[in-house]
1. Which residues, taken from region 109-128, are part of a loop (DSSP other than H, G, I, E, B), surrounded by fewer than 18 Cβ atoms within 10 Å (Cβ to Cβ) and either in contact with a strand residue (DSSP E or B) (Cβ under 7 Å, 6 or more places away or on another chain) or modelled with pLDDT under 95 (or both)?
2. Just give me the residues in region 531-550 being out of contact with any helix residue (DSSP H, G or I) (no Cβ under 8 Å at 6 or more places or on another chain) and over 21 Å from Val580 (Cα atoms), in sequence order.
3. Is region 514-524 home to any residue that is more than 23 Å from Thr285 (Cβ to Cβ) and either touching a helix residue (DSSP H, G or I) at 6+ places or on another chain (Cβ under 6 Å) or within 16 Å of the ligand (Cβ to nearest atom) (or both)?
4. Filter region 540-572 down to the residues that are within 10 Å of the ligand (Cβ to nearest atom), more than 22 Å from Met446 (Cα to Cα), of a type in the set (Val, Ile, Thr) and under 17 Å from the mean Cα position of the chain (by Cα) and list them by number.
5. Limited to region 499-540, what total is found for residues that are under 20 Å from Pro462 (Cβ atoms) and open to solvent by 20 Å² or more (accessible area, probe 1.4 Å)?
6. Can you tell me how many residues within region 557-571 are open to solvent by 30 Å² or more (accessible area, probe 1.4 Å) and touching a residue at least 12 places away in the same chain (Cβ under 8 Å)?
7. Open to solvent by 30 Å² or more (accessible area, probe 1.4 Å), in a strand (DSSP E or B) and away from the ligand (no atom under 12 Å from the Cβ): does that describe Ala578?
Amino acid sequence: MSEQEWVQVSEAQIAVHWQEEELFHPPAEFIAQANMTDPSIYGRFSLENFPECYKEYADLLTWYQYWHTTLDTSDAPCWKWFVGGKINASYNCVDRHLAKHQNKASFVFVPEPEDEPHLVLTYRELWVRVNEVAALLRDFAGLQAGDRVTLHLPMVPELPIMMLACARLGVIHSVVFGGFSGRACGERIADSGSRVLVTMDGYNRKGELLDHKSKSDIAVEVAQEEGQTVDKVLVWRRYRDRHASAAPMVEGRDYFMDDLLKGYVGARVDPVPMPAEAPLFLMYTSGTTGKPKGCQHSTGGYLAYVAGTSKYVQDIHPEDVYWCMADIGWITGHSYIVYGPLALGASSVLYEGSPTCPDAGRPWRIAERLNVNIFHTAPTTIRMLRKAGPDEPAKHSYHFKHMTTVGEPIEPEVWRWYYYVVGKGKAAIVDTWWQTETGGFLCSTMPAIQAMKPGSAGPAVPGIHPVVYDEEGKEIEKGSGRAGNICIRNPWPGAFQTVWGDRGRYVETYYAKYCHDEESKDWRDWPYFTGDAAMQSQDGYYRILGRVDDVINVAGHRLGTKELESASLAVLEVAEAAVVPLADPIKGRVPDIYISLKPGYKPSQRIKAAVTQAIEVSIGKIARPQHVYIVPDMPKTRSGKIMRRVLADISNGRDIGDVTTLANPEIVREIQRMVQG
Ligand code: WTA
């Protein structure tokens, strides 16, 4: 595909209309208190000082034993950081804060129902609970270092407690987003080889107490079909006095955590000193082919990277009140709710529910009441709050010094609303571009050093050295006005180590495209392929245009189009399915599905409903298609490939361009009439 073509097919059309935006300078008040104001950090983290520069981040942590090799490239491109070092993530996030901060809030849990009281979890209480749960995992569930556990939990304090209890033992956690279906959870259980599943009876979402435990029964069944037996399901109770799930407890398999914990009151478990390169967790993410990839993140490198970026990019100080309104079930929550902030001894808000429940003033009431001064969310939420309550922020007297946007490109108008209305013109904003795979930020301004530019993530963060390649691997110069594939020249400690159980896929997906020499043990030969399109302006700022492959970013969550298509094909009548992104003012992108039927079947509402249902069951409500169109045939190339680009243009009402080279150009007009009337 030529570059021109793929920029068009890329889901982010903003590129086409891109014009330079004006710069906004960080407020003097912010600079005066910032953790990092010294531009020489870029020199310290230059390629000449690579990889030793990362000691600066690793030194933010407490090690049992220092490393002998900062970066081991002998198994390229599986990079190993801080080899020889021994560390425990739970110790670094909890125990080491006790001497000074035992009575400081680690989390303030805000339940969705507004009449329920907040719960303050001090570092001392976090430590007590992490110890008791770790003892239970070790002695009751029989887990030890290297085992995997799947955590299918909502946004409640029990989730970080479980993660830290696993980390204490060196057990690898795999958190599955609470909104995912039982089937999606079961597939991830099977892939990770977990024999313990942790869930909760229910949780509050959009004013309803949802039944969550029932998903675990499906999950266990699906895992079993794929050959993985789950022998224990540990069930937290959201409320002691009412059971939120209709699903029965299975004798000998399901256990209530509160019952079990009675046997572990006062238990203490020494943190296990883990090799720096031991896996800390798996986080599944969608790719172009059906099966989600388990991104394997390390202990020492990952923790060093998220601690460093939390300190300098998020500007977290111990006295701040930090609120990242993401879900811990995604990488943002792992890195910037749990591990980074806790490594720094931060106090964070943990909010259970929907940002607009019961109304669009909710986040600002929480911010005012808890005196939040660092706020972190995604463009989809910003758009939603702007639509539902454009004037709400002004009614509340909170003061943000710092705000983050993450997860998808933010439109400049939305950025300006965030800056002027949410931030009241007084906050430094960072637009942080990164991925599940990268563990932490790749591009962002350093908030007290550079000016902000709406819609641009900014330059690379210290220690990250991007390059934009064209399809042939030639560098696209900054300021050329042309977009290309943004890659990272060098490894960094936050990067994932491999795709769990599938090194081949790791190499193929992320390193094969621009590798100079597959035998090489030199990192310079292995640029990391992000899969995003980007352009770099003259001043060095990167503007990210979106994915170049078949992933749809819905409300900041990556969904594999192949996953949705495979789910549709599970409906008996469906012959072919193609999923395309439809621009949506709130969610950014939503899936539109085109299906064709097997011979002998007639289009019906029932089939459309069955497709929607199949997607909800196999992936979750988040993937629900906006439209299901039943078409007589798919537009195809002569070699038989479905032309998703043409369907995307039709869905979005764009000019479809020249389709005369297709095998069946006449079908395009017919579909156009059907969709656009
Ligand atoms: C997109 C989320 C523009 C990008 C942390 C990336 C962004 C994908 C930004 C990763 C941003 C993330 N500006 N696009 N600030 N942040 N993206 O794995 O396409 O859920 O590849 O990680 O989201 O999504 P993931």
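The values are calculated or read from the model by the stated rules, or taken from the named source; none is laboratory data. Worth saying up front: this structure is predicted, and the values here are computed from it rather than measured. Every residue, glycine as well, gets a Cβ built from its backbone with ideal geometry; the counts of neighbours run over all protein chains shown. Remember, those area values only see protein heavy atoms, side chains included, never the ligands or the DNA or RNA. Shrake-Rupley method; radii C 1.70, N 1.55, O 1.52, S 1.80 Å.
1. In the first step, residues of region 109-128 are kept if they are part of a loop (DSSP other than H, G, I, E, B); the result is 111-118.
Next, only the ones that are surrounded by fewer than 18 Cβ atoms within 10 Å (Cβ to Cβ) stay: 113-118.
Listed by number, the residues that qualify are Pro113, His118.
2. Once the filter is applied, which keeps residues that are out of contact with any helix residue (DSSP H, G or I) (no Cβ under 8 Å at 6 or more places or on another chain) and over 21 Å from Val580 (Cα atoms), region 531-550 yields Gln536, Ser537, Gln538, Asp539, Gly540, Tyr541, Tyr542.
3. yes
4. Val551 - this is the single residue of region 540-572 that is within 10 Å of the ligand (Cβ to nearest atom), more than 22 Å from Met446 (Cα to Cα), of a type in the set (Val, Ile, Thr) and under 17 Å from the mean Cα position of the chain (by Cα).
5. 4
6. First, pick out the residues of region 557-571 that are open to solvent by 30 Å² or more (accessible area, probe 1.4 Å): 557-558, 562, 566, 569-570.
Filter once more, so that each one left must be touching a residue at least 12 places away in the same chain (Cβ under 8 Å): 557-558, 562, 566, 570.
Residues that pass the stated criteria total 5.
7. Values: open to solvent by 30 Å² or more (accessible area, probe 1.4 Å): no; in a strand (DSSP E or B): yes; away from the ligand (no atom under 12 Å from the Cβ): yes.
No; evaluated as a whole, the condition is false for this residue.
Conditions tested, residue by residue: (1) under 20 Å from Pro292 (Cα atoms); (2) part of a helix (DSSP H, G or I); (3) of a type in the set (A, V, I, L, M, F, W, C).
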residue: Phe107; (1), (2), (3): no, no, yes
residue: Val130; (1), (2), (3): no, yes, yes
residue: Leu143; (1), (2), (3): no, no, yes
residue: Glu187; (1), (2), (3): yes, yes, no
